[in-house]
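The values are calculated or read from the model by the stated rules, or taken from the named source; none is laboratory data. These numbers come from a predicted model, not from an experiment. Cβ atoms come from the backbone with ideal geometry, glycine included; neighbour counts cover every protein chain shown. Only protein heavy atoms, including side chains, enter the accessible area calculation; ligands, DNA and RNA are left aside. Shrake-Rupley method; radii C 1.70, N 1.55, O 1.52, S 1.80 Å.
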Amino acid sequence: MSKVYSRYQTPSLLKARKRLGKTVETINYQMDSKYQTIGNGKTYCVKTYGCQGNLADSEKISGLLERMGYTNVVEEEKADVVLFNTCAIRENAENRIFGELGRFVKYKKNNPNMIIGICGCMMQEENTIEMINKKYPHVNLIFGTHNIDKLPEYLYEIEKTNNPLVEIFSIEGDIYEELPVKRDHPYKAWVNIMYGCDEFCTYCIVPYTRGKERSRKPEAILKEVKALIEDGYQEVTLLGQNVNAYGNDFTDIKYSFADLLRDLQKLPISRVRYTTSHPRDLDDETIEVMGMGGNIMPHLHLPVQSGNNNILKRMNRKYTREDYLSKIKKLKKAVPGISITTDIIVAFPGETIEEFEDTLSLVEEVKFEGAFTFIYSPREGTPAATYHNPLTEEQKHERLNKLNETINKYYLEGNQRFENQIVKVLVEGKSKNNENMYTGYSEHNKLVNFEGSDDLIGKIVDVKVIKAYSWHLLGELIK
Ligand code: SAH
Ligand code: SF4
Ligand code: F3S
């Protein structure tokens, strides 16, 4: 290490894997006044690469920076502080980030005082830090998913010493409430209800990068949603890697995800969504609450990953194809017309053609109205990364293409069922491709485009669907 670092602590996956049974405290965040002026007259830019959880973190990072006095700037090359909030879920997510970092070498040459920071899930992996230090010496700050609250302290230290700083905690800390947050959207908000994941699916890095499952207290969540209602928000999406495990870690109270949904149903927020559900933990009580409707939207993202029992077992998903199908049946009965979407991985190590075909037949059976589909990507430190995978790249892509063809058929069918019907749309703004068109999502989470006007933005309006396309619905505003 030729460079001088003011702190240097790198991650350990071995430590991260441990679940220590430590009690999690809730701490109300307060920013020391000495940090609240260091950004005055300076600008920042946060770049996000991951899931909704990652986006929610970026909103907190932006909130912290603004409380420190920084203002947001769109032209990233001009920013005084640039933060990359990274994702480690698949190799291609990581490659994208490295490409982007390369671009900033040039920016930093023009603006040597620019502070470049990297955070997020990728920083919790063991080999990343060394690689960044070697290839991207212009990076000043590296921190992880467990110490976002320390960002003001880090920037203060860098400003003072001019030395780079690396600090990654492998084990999660307490839950911070009252962190400042600068939300990207004025009508739709992400609300974390829990952090971490204890599932340990054999392919997945998240339980290592995000630590053990910790649920936020119900009163903190309800308080946040009430404040959002006051601010004019129409929709909340509850976030967690496995929201159905919400509350399992409470030792003092008995309060489940279904209880939370019931409490949210009583609040005057127009729409409640949640992601992600784990098929094993999605229980009858939750299905029943969804069936009561109200503000709980008739859409569920329920990742199945594979339609074959042997693969599901080797993925450590802890449910069978039959279990999954029976939950879908219950859901469709409780919430007539529910739209179901999913995640699927193809070419898991050792997946045979017959096993892959079971996934295709499951897609046909459920008729998913949308899916994120992925080729399995080995993640160092996870069990599946050591499994033998004889498939060629060509075979992997062939499977992905075949799966997507099947999925796309049902995407279109799922949209066609709304033709000539009136749907409720939360209007988000003007369509990117057409000046006169406005755009938003229906209750079933379908993208709807229609001719409208600026005064509709942020409102829920009735739109008659004229034509269904694969990726959106075209409609007419009902006045
Ligand atoms: N907690 C959520 C989703 C987490 S990650 C859940 O359990 O459903 C989002 C999706 O990325 C996963 O559902 C899975 O389909 C995919 N994924 C995760 N790890 C992967 C890997 N190593 N290779 C390919 N896809 C992966
Ligand atoms: Fe990863 Fe499985 Fe946890 Fe989802 S449930 S985050 S796929 S380990
Ligand atoms: Fe990526 Fe971390 Fe989310 S790995 S998908 S940003 S939890």
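Computed values, structure above
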quantity	calculated
Options Ser256, Ser270; residue that is more than 16 Å from ligand 2 (Cβ to nearest atom), hydroxyl-bearing (Ser, Thr, Tyr) and closer than 27 Å to Gln305 by Cα	Ser256
Residue within the range 43-57 that is in a strand (DSSP E or B) and within 16 Å of ligand 1 (Cβ to nearest atom) present	yes
Verdict on Ser361 being out of contact with any Ser or Thr (no Cβ under 9 Å at 6 or more places or on another chain), within 17 Å of Cys201 (Cβ to Cβ), open to solvent by 10 Å² or more (accessible area, probe 1.4 Å) and not assigned by TED's automatic domain parsing to the domain that holds Leu473	no
Helices (runs of 4 or more DSSP H) contained in the range 123-215 and holding at least 1 residues within 29 Å of Leu261 (Cβ to Cβ)	206-210
Selection count, the range 171-201, where residues are closer than 18 Å to Val236 by Cβ, open to solvent by 30 Å² or more (accessible area, probe 1.4 Å) and either touching a Ser or Thr at 6+ places or on another chain (Cβ under 6 Å) or away from ligand 2 (no atom under 16 Å from the Cβ) (or both)	11
Residue within the range 360-375 that is within 14 Å of ligand 1 (Cβ to nearest atom), among the polar types (S, T, N, Q) and either assigned to a loop (DSSP other than H, G, I, E, B) or touching a Gly at 6+ places or on another chain (Cβ under 7 Å) (or both) present	no
Count - residues of the range 61-82 that are touching a residue at least 60 places away in the same chain (Cβ under 8 Å) and surrounded by 21 or more Cβ atoms within 10 Å (Cβ to Cβ)	6
Identity of the residue in the range 307-322, open to solvent by 10 Å² or more (accessible area, probe 1.4 Å) and more than 19 Å from Val243 (Cα to Cα), that ends up farthest from ligand 1 (Cβ to nearest atom)	Glu322
Within the range 37-54, tally of residues that are more than 16 Å from ligand 2 (Cβ to nearest atom) and open to solvent by less than 70 Å² (accessible area, probe 1.4 Å)	10
The range 85-122, residues that are open to solvent by 60 Å² or more (accessible area, probe 1.4 Å), without any contact (Cβ under 8 Å) to a residue 60 or more places away in the chain and part of a helix (DSSP H, G or I)	Asn95, Arg96, Arg103, Lys106, Lys109, Asn110
Lone unmet requirement of (1) crowded, with 18+ Cβ neighbours inside 10 Å; (2) more than 27 Å from Thr286 (Cα to Cα) for Lys160	(1)
Residues satisfying the stated conditions in the range 332-348, i.e. surrounded by fewer than 20 Cβ atoms within 10 Å (Cβ to Cβ) and over 23 Å from the mean Cα position of the chain (by Cα)	Lys332, Lys333, Ala334, Pro336, Gly337
Restricting the range 1-36 to residues that are farther than 27 Å from Met114 by Cα and in contact with a Phe, Trp or Tyr (Cβ under 7 Å, 6 or more places away or on another chain), the residue that is least open to solvent (accessible area, probe 1.4 Å)	Ala16
Test for Val304: is it among the aliphatic types (A, V, I, L, M), closer than 15 Å to Glu224 by Cα, under 20 Å from the mean Cα position of the chain (by Cα) and open to solvent by less than 10 Å² (accessible area, probe 1.4 Å)	no
Set Thr48, Thr86, Thr43: member being of a type in the set (S, T, N, Q) and more than 16 Å from ligand 3 (Cβ to nearest atom)	Thr43
Inter-residue pairs, beta-carbon under 8 Å, first without any contact (Cβ under 8 Å) to a residue 40 or more places away in the chain and in the range 407-428, second surrounded by fewer than 20 Cβ atoms within 10 Å (Cβ to Cβ) and in a helix (DSSP H, G or I), 6+ apart	Val427/Leu456
Any hit, the range 214-235, residues being within 16 Å of ligand 2 (Cβ to nearest atom) and either at pLDDT 95 or above or outside the structural domain of Gln124 (by TED's automatic domain parsing) (or both)	yes
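Let's see how each residue does on (1) in contact with a strand residue (DSSP E or B) (Cβ under 9 Å, 6 or more places away or on another chain); (2) assigned to a helix (DSSP H, G or I); (3) buried (at least 19 other Cβ atoms within 10 Å of the Cβ):
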| site | (1), (2), (3) |
| --- | --- |
| Pro378 | no, no, no |
| His388 | no, no, no |
| Asn401 | no, yes, no |
| Leu426 | yes, no, yes |
| Glu435 | no, no, no |
| Tyr438 | yes, no, yes |
| Tyr441 | yes, no, yes |
| Gly458 | yes, no, no |
